[in-house]
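**Student:** Okay, here's the structure, questions in a sec.
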Amino acid sequence: MMSKFLALSSCILLLGALASPTQADEKQPNILVIMVDDLGYGDLSCYGATDMQTPHIDALFAAGMRLNSFYANCTVCSPTRASFLTGLYPDRSGVPGVIRTPRWGFTTSWGNLRNDVVTLPQHLQTAGYQTALIGKWHLGLEAPDRPTDVGFQHFHGFLGDMMDDYYTHLRHEQNYMRLGEKVITPKGHATDLFSDWAISYHESRKDADEPFFTFLAYNAPHDPIQPPADWLEKVKIREPDMTDARAGLVALIEHLDAGIGRVIDHLKETEQWENTVTIFTSDNGGALRYEARNAPFNGGKQDMLEGGLAVSTCVTWPAAIPEGQVNEDHISLTMDIYPTLAEIAGAPVSHELDGRSFLPILKGAKQLDGDSDRSLYWVRLEGGKHGGVPYHAVRMGDWKLLRDDSMSPYRLYNLKEDPYETSPIPHKAAPQKYRQLLFESMRHINRGGEIPWR
């Protein structure tokens, strides 16, 4: 499958209306996607967090377009990452739940990445891109599901789901740090390592003829909440009344911010920044048990409420996107990044995707044709006490139907009237809307059930 698509002729970038009139040529841009792990929607100072300082991420948001209605494809890690790589809904990508790292000889995974689809790095290779993954993978430990099996020519990072320690990098006493397929034992905090490795890779590409696509996937601020000691001390001195739990999370995010700042600064120093498309996003909302802030929304990681799904997201491209842009209303999901980057790269997509390009939004459009008619779905399978029953949500226009727990009743909200999901609409007040959205949700779940991920 991969060779078939690598045989396609490379395409040149057509910048069109997005191009800067001062740009000397139409050279394909580099692409950098930064995905952080479990960042609360409101856990950046540019999103109203008054108890933390994230100057580098704030500057990134100010340098391009801020997308205020962007959603993760799921409330947990693996499914969203699978959607990013495939342009499909998680259950249609083969990953309806968390792919877990084995322990005591068995695993409780709820997914297996499809190997019959063209991944984003495979597709970008057809347009001449060199592809790299730096950081967290979380979509498989063995062939054919490693980064190097699905289109990343360079992999320097962590195969597993989460680290039990940011310094030992172990998970269940196993080492999943890799350079390509080689086991490595680096020393240092994982956030620092991933930033260093991204800088090293970009340094190696600064004089190359081919553009790069880097997927920089940090573990932070996923638990364990383990910031470097000096960063934690700074926060505690600055915010003496802050709880220990909140101080740890704030320090971990501020340390992450500094690492991202180093990566961006290097791109500027090597004159790669101007023609690099950079996307910043998170794989889901923040975990409430660690005092993450998902304001103004209710809920958090694992919830189908807005706090579990809405993620702070921006796109910068100094050569083409004016700074200080904000889009409030257009809704995109993680899976929409695939066709957007393919269009920017000049790599037409002929295979089926669930995502759709939001490039017109980056050009200044407020909405896309069909926005009002687009149905959006979220599904998550998980074990727990209810064993594999899906939690799910569906949104059509302003209406959203959800169920966070397989044994709880459905809840209906009108997000225009109740954006923070505080007052469910009784069934008797809108029975037709209940039936319509439930039917749509069941139809999507049945469609996802066609994929034999087991």
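Readers should treat all values here as calculations from the given coordinates under stated rules, not as data from a laboratory. Treat the numbers as computed from the prediction; the structure is a model and nothing was measured. Because the Cβ atoms are built from the backbone with ideal geometry, glycine has one as well, and the counts that use them run over all protein chains shown.
**Student:** A 31 angstrom limit on the alpha carbon distance is what I want to check against. Which of Lys27/Lys400; Lys236/Lys363; Lys301/Lys416; Lys366/Lys400; Lys206/Lys301; Lys136/Lys433 exceed it?
**Tutor:** Too far apart for the 31 Å limit: Lys27/Lys400; Lys236/Lys363; Lys206/Lys301; Lys136/Lys433.
**Student:** In the chain, with Lys and Arg counted as +1 and Asp and Glu as -1 at Cβ, which of these residues, Gly135, Leu401, Leu232, has the Cα nearest the positive end of the dipole, that is, farthest along it?
**Tutor:** Result: Leu401.
**Student:** Evaluate Rg over Rh across segment 375-448, taking Cα atoms for both radii and Kirkwood's formula for Rh.
**Tutor:** Details: Rg = 12.3 Å, Rh = 12.7 Å.
Using only Cα positions, Rg/Rh for segment 375-448 is 0.97.
**Student:** Please give the contour-minus-distance gain from Asp207 to Lys433: 0.36 nm per residue of separation, less the Cα-Cα distance, rounded to one decimal in nm.
**Tutor:** 75.7 nm
**Student:** Give, as a single signed number, the net charge of other residues whose beta carbon lies under 13 Å from the beta carbon of Leu124, with Lys and Arg counted +1 and Asp and Glu -1.
**Tutor:** Here the count lands on -2.
**Student:** Now a separate question. Share of antiparallel DSSP beta bridges in the chain, in percent to the nearest 5?
**Tutor:** 50 percent
**Student:** Would you work out which of His169, Ala220, Val98 lies farthest towards the positive end of the dipole of the chain, given +1 charges on the beta-carbon of Lys and Arg and -1 on that of Asp and Glu, about the Cα centre?
**Tutor:** After comparing all options, I get Val98.
**Student:** To the nearest 20 debye, what is the magnitude of the charge dipole of the chain about its Cα centre, counting +1 on the Cβ of each Lys and Arg and -1 on the Cβ of each Asp and Glu?
**Tutor:** Dipole magnitude for the chain comes out near 1280 debye.
**Student:** For a quick check: sort Phe194, Phe297 by the number of other beta carbons within 10 angstrom, fewest at the front. Present the calculation step by step, with values, prior to reporting the outcome.
**Tutor:** Working: Phe194 26, Phe297 21.
The order, fewest Cβ neighbours first, is Phe297, Phe194.
**Student:** Mean separation of Cα pairs under 8 Å and 6+ residues apart, divided by the residue count of segment 255-341: what relative contact order is that in percent?
**Tutor:** On the way: 88 pairs, mean separation 22.0, N = 87.
Rounded, it is 25 percent for segment 255-341.
**Student:** Still on this model: Per DSSP helix of 4 or more residues, -39500 (n - 2.57); summed, then divided by the residues of the chain. What does that give at 222 nm, rounded to the nearest 500?
**Tutor:** Counting only the DSSP helices, I get -7500 deg cm²/dmol.
**Student:** Same structure, new question: Would you mind calculating the relative contact order of the chain from Cα pairs under 8 angstrom and at least 6 residues apart, reporting the percent as a whole number?
**Tutor:** Numbers: 1019 pairs, mean separation 110.6, N = 454.
Rounded, it is 24 percent for the chain.
**Student:** Also: Kindly put Glu417, Glu26 in sequence by how many other C-beta atoms sit within 10 Å of each C-beta, fewest to most. Walk me through the numbers before you get to the answer.
**Tutor:** Details: Glu417 9, Glu26 13.
Sorted ascending by nearby Cβ count, the order is Glu417, Glu26.
**Student:** Can you compute 3J(HN,Hα) from phi for each residue in segment 91-106, using the Karplus curve 6.51 cos²θ - 1.76 cosθ + 1.60 with θ = phi - 60°, rounded to whole Hz and x for Gly and Pro?
**Tutor:** Once θ is set to phi - 60°, the couplings for segment 91-106 become 5, 8, 8, x, 10, x, x, 7, 7, 9, 6, x, 9, 6, x, 8 Hz.
**Student:** To continue, here is another question. Relative contact order for segment 294-410: what is it in percent, counting Cα pairs under 8 Å that are at least 6 residues apart?
**Tutor:** Working: 143 pairs, mean separation 21.8, N = 117.
Reported relative contact order: 19 percent.
**Student:** At most 16 other Cβ atoms within 10 Å and a DSSP loop assignment: could you name the GluC sites (Glu not before Pro) in segment 311-380 that fit?
**Tutor:** Loop-located and lightly packed - Glu323, Glu328, Glu352.
**Student:** Now, a different point. Treat every Asp and Glu Cβ in segment 375-448 as -1 and every Lys and Arg Cβ as +1, leave all other atoms uncharged, and give the resulting dipole magnitude about the Cα centre to the nearest 20 debye.
**Tutor:** That gives a dipole near 260 debye.
**Student:** Let me ask another. Under 1.5 on a/c is rounded, so check that first for the chain, then, if it is not, pick prolate when a/b is larger than b/c and oblate when it is not; a ≥ b ≥ c are the square roots of the alpha carbon gyration tensor eigenvalues.
**Tutor:** Here the chain falls in the rounded category.
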